[in-house]
Amino acid sequence: MPTVAVHRKEQAVIRLLVIITAALVLSACDSTEVQREIGYKGIARINPWLASERFLCRMGFQVRSVISWTAPTSNDSVWIIPASILNNEGFTRRFETWVQMGGHLILLVEFADESSNDWSRNHPQPVLQSALLSMLKRSGLVLTPPKPKKIDTSAREIKFSGVTYCVDAQSNTSVAILEQPAGVFASVTSGNGRITVLTDGRLFRNRWIADNENAALLNSLVMAMNYHGPVAIMRSSGLSFWKLLIDRLWPVLLVVALSVLLWLWKNLTRFGPVEAADARPELMDYSHHLDAIGDFHWRFDRSESLISPLRQKIVELGLRCRGHDTQPDLNFYQFLSSRSGLPHARVFRALTEAPSNDRESLAHVTADLQQLLKVLHNPPLP
């Protein structure tokens, strides 16, 4: 009886372990689907200002997207660009002259480059060069460079043209009009135009343009143009090498392309119309094939193979005429010289020496061999 009780107790423990294991396995199969935004698809993934461009188009403005550095034209009314692109005196001079003529320049400092990730907490800090700071200072603006890992400036409202717009702007950079408090936004007239600086570029990016009154602020800034013209939005601060070539060196590229085409046409191995695939080649006579074989051996420096059959035939006929010799000797060459009338040296050279690469020399050797073969085929009458 004690043995049976122990056996039943072991079975109960095993069943309990199986039940617990099954419960754990079944509970582990439960899953919860969570949706999380990680970015955009399509054009919006590479163009952070796509929503702003389409919004301005619906508002009736003519908008063009600029991929890399491009100088403004006199017809452009508004340019929205990353502030970091104005990193040398040449770039700043072009835009400063355009502003003096009546253009409206809107500079975005942080989150202004297309490489910034809207779903990341970290973003590359802009590098503000002295050329940009000097241009802004001449216009009456003071831009303070960012301090890493520290948010210095924030704003819930931005006032422009007497209207207050609700925003949520945070920036490590601050901008201020001379002798006024610093903030995230400042706009001043410069010559006949205007320069506006917004340190938090996220307000106009795809993810935040619909928040608060960001779109209304953008529309108000663009409406501040002095004359009607295209609105350009530059989404990258890079300098395109190929664009410079096309814009500045297109005559040189055209000449190079024509030269290459002319060289290809001149060096093509086939001229004239293309023959049909089923066209049968023209039949050639036997002499043509001999000429082709001889030319092949001559081009590959095989002149020895051209005259060796003729030499063997002459030696065979000469030994047969003498009757008692099986190998040529000095008397054999003298015999051929007396039969043909050729000097002994020419007979010896024609039958033994290796031919040279000179065409004239090979022609003389071949003529001597032909003369010997003719004499052996037609022996003189007694």
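Just so you know, all these numbers are worked out from the coordinates, no wet-lab data involved. Computed from a predicted structure; not experimentally measured. A quick note on method: Cβ atoms are made from the backbone with ideal geometry, for glycine too, and the neighbour counts reach across all protein chains shown.
Averaging Cα coordinates gives a centre for the range 73-111 and one for the range 199-218; these two points are 20 Å apart. For Val197, the shell of other residues with beta-carbons less than 13 Å away shows a net charge of 0, using +1 for Lys and Arg and -1 for Asp and Glu. The length gained on full extension between Arg93 and Glu316, counted as 0.36 nm times the residue separation minus their Cα-Cα distance, comes to 70.6 nm. Note on the range 43-243: the C-alpha convex hull projects to 10.6 nm² when averaged across all orientations. Ordering of 175-182, 103-110, 347-354 by packing is 103-110, 347-354, 175-182, highest average first (other Cβ atoms within 10 Å, averaged per residue). Remark: C-alpha extents of the range 49-93 on the principal axes read 36, 21, 13 Å, sorted largest to smallest. Each of Asp295, Asp113, Asp168 has some number of other Cβ atoms within 10 Å of its Cβ, and from fewest to most they run Asp295, Asp168, Asp113. Put in order of Cβ neighbour count within 10 Å, fewest first, the listed residues Leu198, Leu264, Leu132 become Leu264, Leu132, Leu198. Rounded to the nearest whole Hz, the Karplus-based 3J(HN,Hα) values (6.51 cos²θ - 1.76 cosθ + 1.60, θ = phi - 60°) of the range 354-370 follow the sequence 6, x, 7, 7, 7, 5, 5, 5, 5, 5, 5, 4, 5, 5, 5, 5, 5, with x at glycine and proline. Residues whose amide H falls under 5 Å from that of Tyr165, counting only those 5 or more places apart or on a different chain, are Ile158, Lys159, Phe160, with hydrogens built in the peptide plane. Of the trypsin sites (Lys or Arg not before Pro) found in the range 29-112, the ones in coil according to DSSP and having at most 12 other Cβ atoms within 10 Å of their Cβ are Arg36, Lys41.
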